[in-house]
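Take a look at the structure set out below.
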Amino acid sequence: MSLKFSAGDLTIHRIVEEEGKFLPAHDMLPGLTPEVLAENRGWMKAAGALDDSDTLILAFQSYIVKTPHHTILIDSCIGNHKPRPGRPTWNMKTDDNYLRGLAAAGFSVGDIDYVMCTHLHVDHVGWNTRLENGRWVPTFPNARYVFDKSEFDYWTETNAKAEVPPFVDSVLPVVEARRAELVGNDFAIDDHMRILPTPGHTPGHIAFTFGRGKDDAVFAGDLMHSPIQTHYPELSPKFDVDPVQAAKTRRSFLERYCDTDTLCCTAHFPSPTVGKIRRKGNGFVCETVK
């Protein structure tokens, strides 16, 4: 299981908070037929993406990207001390997996210059904040937090109708601490980081591309959750707000990076998680890089 990669003048670290069984494949991917699962079960199990009970295996992780000028954290995972009754292993979690992973990669919370979120779902914002004297404060005290404005606006509206706990405990405290930047698709950092709009999973979902003059690496967020979606880009998980748009975005993304040297860094594929997109029939495959 590799936790460190290089691409161009970038160094990329994975900080894995959790990896294991998530949901039954047919539950998570409503369009997955028994025939398609049977046809793909062998390689999925060999890739560590499916267990013997047809449950999908997912990783939950952040990436840290070292550019020549900045240290950037992408998607801050699940977090501790947060009420998540829908997922018992996340509910009021108190383990030190994440902070130990950060330290093992050679980083402290003070080293991070930017925290960038592909979207604002529960498992991508959790370590944005931590509990200190009964208050939620930014975990990374020196970082600017980058949120897509349309994504932030969507969750602001949703939260106004009924409270969205991850937004309340992991996003709004960052805004209140004046550490947030609400950005559009033209946002960039130096000549090393750009935004690629990838709507569908959520309305303002974005991917981040890194590299000087070309995309040496792309961070796909929840554009895809499982390797089977590279073979069948039309398979949208039940979590996609707009499954039809998500499927179109997925195929467009895979076409864009197919047969290039761009390192595709996925949010949830099982270890080693990172690969290069290659064509396979009417679909694609993410050939892992170890």
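The table that follows gives values for the structure above.
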quantity: Whole-Å semi-axes of segment 159-232's equivalent ellipsoid (Cα gyration tensor); calculated: 26, 20, 10
quantity: Inverse of mean 1/r across different Cα pairs in segment 14-135, Kirkwood, Å; calculated: 16.2
quantity: q = 0.11, 0.13, 0.26 Å⁻¹, segment 204-290: log10 I(q)/I(0) [Debye, one scatterer per Cα]; calculated: -0.26, -0.36, -1.48
quantity: Amide H within-cut-off set for Asp216, under 5 Å, with H built and near neighbours excluded; calculated: Phe210, Gly211
quantity: Rounded to whole Hz, the Karplus (6.51, -1.76, 1.60) HN-Hα couplings of segment 89-103, x for glycine and proline; calculated: 6, 9, 6, 6, 5, 9, 6, 10, 3, 5, 5, 5, x, 4, 5
quantity: Segments 269-279, 181-191, 72-82 sorted - mean Cβ within 10 Å per residue, highest first; calculated: 72-82, 269-279, 181-191
quantity: For segment 31-38, 3J(HN,Hα) per residue [Karplus equation, 6.51 cos²θ - 1.76 cosθ + 1.60, θ = phi - 60°, Hz, x = Gly/Pro]; calculated: x, 6, 8, x, 5, 5, 5, 4
quantity: Share, in percent, of DSSP beta bridges within segment 4-288 that are antiparallel, nearest 5; calculated: 75
quantity: Approximate spin-label separation His81-Arg212, in nm, with each point projected 7 Å along Cα-to-Cβ; calculated: 4.2
quantity: Cα principal axis extents for segment 102-248, largest first, Å; calculated: 47, 42, 31
quantity: Whole-angstrom gap from segment 39-107 to segment 248-290, using each part's C-alpha centre; calculated: 19
quantity: Viscosity 1.567 mPa s, temperature 4 °C, Stokes-Einstein D of segment 90-158 from Kirkwood C-alpha radius, µm²/s; calculated: 96
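Since every read-out is calculated from the coordinates, none of them should be taken as a lab result. Keep in mind that what you see is a predicted model, and the values were worked out from it rather than measured. Glycine gets a Cβ as well: all are built from the backbone with ideal geometry, and neighbour counts include every protein chain shown.
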